[in-house]
Amino acid sequence: MILAWVGALLIGISLGLLGSGGSILTVPVLVYLVGEPSKLAVAESLAIVGLISLVGTVPFALRKLVDWKNVVVFGIPGVVGTYLGAYLSQYLSGVLQLGLFALVMLLAAVMMLRPSPTKTTSQAHRSIIKIGLDGLVVGIITGLVGVGGGFLIVPALVLLGGLPMHIAVGTSLLIIALKSASGFYKYLHLLPAQGYSVHWDIVLVFALVGILGSFVGGRIGVHIPQQQLRRGFAFFLVVMGVYILWQNLPKLAG
């Protein structure tokens, strides 16, 4: 369990260092270090990521760095999508969910390697429909595999929503918290029928350690070049994604 708590700390530190992407570590830590079944790990990761993101939103909100219009335009479809993704998860095996999760990790690695968006689009090119559809798709991914999706939300808010980067990060955290709550609520109704129950002690301890880690990561991150951090994290995601696929492809084939 010591390794599990170290993993929880690393989740928070990653979030604090990068502003997104750290939550994608939660499912592998719960599955491979804690020993949780994959379906339960997906559900618990939503609760953990949601709590960490909600606390992380507070300082941004106090500094008025949350764009409430985009919370509605992007967040509401995201909440609906996450609920739908959680509902659809009952028709997928745990092995298939982990396979999809590995593919999302590889997608996250690609997004991490791309240059961070710095320019916003003009008002004429912003499409509420595009933003809403993007929110819906990211929400479905969140519900299916239990990731916050910040690595997809932040670029979408910058490029489609026209937000400055620092406001996009604060807005993303609140959207992640809302989406995670929606998906976790649905899982609470699905898990008993599948023979699972949430381990609240693990959820709360992981959330608390993750919150602490996010503050530590935030302090460290100002002294380390972000591009260098993103490349290192992307490499780690590739290794983990390939490992999870290697572990689960024989089961899927069987």
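The values are calculated or read from the model by the stated rules, or taken from the named source; none is laboratory data. Just so we're clear, the structure is a prediction, and the values are computed from it rather than from any experiment. Because the Cβ atoms are built from the backbone with ideal geometry, glycine has one as well, and the counts that use them run over all protein chains shown. Accessible surface is based on the protein model in full, side chains and every heavy atom, while ligands, DNA and RNA are left aside. Shrake-Rupley method; radii C 1.70, N 1.55, O 1.52, S 1.80 Å.
Structure data summary
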| item | result |
| --- | --- |
| Charge tally in the Cβ shell below 12 Å around LEU84, where Lys, Arg are +1 and Asp, Glu are -1, LEU84 excluded | +2 |
| Integer Hz, Karplus 6.51/-1.76/1.60 couplings in order for the stretch 53-69, x for Gly and Pro | 5, 4, 5, x, 6, 3, x, 5, 5, 5, 8, 6, 10, 10, 8, 5, 4 |
| Cα centroid of the stretch 183-248 to Cα centroid of the stretch 66-109, whole Å | 14 Å |
| Local electrostatic count, MET1, Cβ distance below 13 Å [Lys/Arg +1, Asp/Glu -1] | -2 |
| Assigned charges on the beta-carbon of Lys, Arg, Asp, Glu; the chain dipole about Cα centre (debye) | 620 debye |
| Candidates ILE176, ILE128, ILE153, ranked by Gaussian network fluctuation over the chain, Cα under 10 Å, top entry | ILE128 |
| Identified option (computed Cα Rg over 2.2 N^0.38 Å; candidates (1) 1.20; (2) 0.99; (3) 0.94) | (3) |
| Per-residue SASA entry for HIS189, accessible area with 1.4 Å probe, Å² rounded to 10 | 110 Å² |
| Over 20 Å (Cα to Cα) - which of LYS39/LYS251; LYS64/LYS186; LYS69/LYS186; LYS69/LYS179 fall in this group | LYS64/LYS186; LYS69/LYS186 |
| Contact order normalised by residue count of the chain, Cα under 8 Å, 6+ apart, percent | 37 percent |
| Residue among ILE220, ILE211, ILE167 with the largest mean-square fluctuation in a Gaussian network model of the chain, springs linking Cα atoms under 10 Å | ILE220 |
| DSSP loop trypsin sites (Lys or Arg not before Pro) with at most 11 other Cβ within 10 Å excluded, longest remaining stretch of the chain | 120-254 |
| Residue-count net charge about LEU113 - beta-carbon cut-off 12 Å; Lys, Arg +1, Asp, Glu -1 | +3 |
| Length added when fully stretched, LEU33-GLN227, from 0.36 nm per residue minus Cα-Cα | 67.0 nm |
| Accessible-area value, PHE215, 1.4 Å probe, nucleic acids and ligands omitted, Å² | 120 Å² |
